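Here's the structure we're looking at; comments come further down.
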Amino acid sequence: MSEILEVNAFVEGEVIRIKPFGAIVLLPGGKQGLVHISHISSKYVQNITDFVNIGDTVKVKILSIEAETGKISLSMMAAEPPKPAESEHGAHHRPTFGDQGGSSSFEDKFKDWLKNANERQAGLNKRNKRR
């Protein structure tokens, strides 16, 4: 049975290739679509294989289908279940700098970001020295 693919539809597909810029997913009916790296997860994605591997079945939302080329743009992030609106502190609680609520505090996230930025800058500086 072949499914008709429509924009905004949620479908399951199999990851058949992984590229630095995203994952190629085989959709029902034999069509292929791309989940761009920015649509893999709501978390920061540095390495796609940290989130999906070839052969994985993934749920995706069809973002667009180009009429001329037939290219299909997909999102795994849009197919994720919505995050709960309320925390244990209530609906209007906003974490502060010292608040350790949740899995990572602001300070932890900032430290991770700063570490990654420094590593990237060191790599760029090293590359520029070679020139």
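Odds and ends about this structure:
- Number of residues in region 29-55 that are closer than 16 Å to residue 79 by Cα and surrounded by 13 or more Cβ atoms within 10 Å (Cβ to Cβ): the value is 10.
- Selection of first residues in region 17-29 that are aromatic (Phe, Trp, Tyr) and modelled with pLDDT of 90 or more and of second residues that are part of a helix (DSSP H, G or I) and surrounded by 12 or more Cβ atoms within 10 Å (Cβ to Cβ), restricted to Cβ pairs under 6 Å at least 6 apart or on distinct chains, gives the following pairs, ordered by first then second residue: 21/37.
- Subset of region 24-53 (residues that are among the aliphatic types (A, V, I, L, M) and under 28 Å from residue 112 (Cα atoms)): 35, 37, 40, 45, 48, 52
- Here 25, 15 are screened, and the one residue that is closer than 19 Å to residue 4 by Cα and either under 16 Å from the mean Cα position of the chain (by Cα) or surrounded by 17 or more Cβ atoms within 10 Å (Cβ to Cβ) (or both) is 25.
- For region 35-75, a tally of residues being in a loop (DSSP other than H, G, I, E, B), among the β-branched types (Val, Ile, Thr) and touching a Phe, Trp or Tyr at 6+ places or on another chain (Cβ under 7 Å) returns 2.
- Residue match in region 78-86 (condition: modelled with pLDDT of 70 or more, out of contact with any strand residue (DSSP E or B) (no Cβ under 9 Å at 6 or more places or on another chain) and in a loop (DSSP other than H, G, I, E, B)): yes
- If you filter region 105-123 down to residues that are small (Gly, Ala, Ser) and part of a helix (DSSP H, G or I), you find that the one that is nearest to residue 46 (Cα to Cα) is 117.
The values are calculated or read from the model by the stated rules, or taken from the named source; none is laboratory data. Here the structure is a predicted model, which is why all the values come from computation and not from measurement. Please note: Cβ atoms are built from the backbone with ideal geometry, for glycine as well, and neighbour counts cover all protein chains shown.
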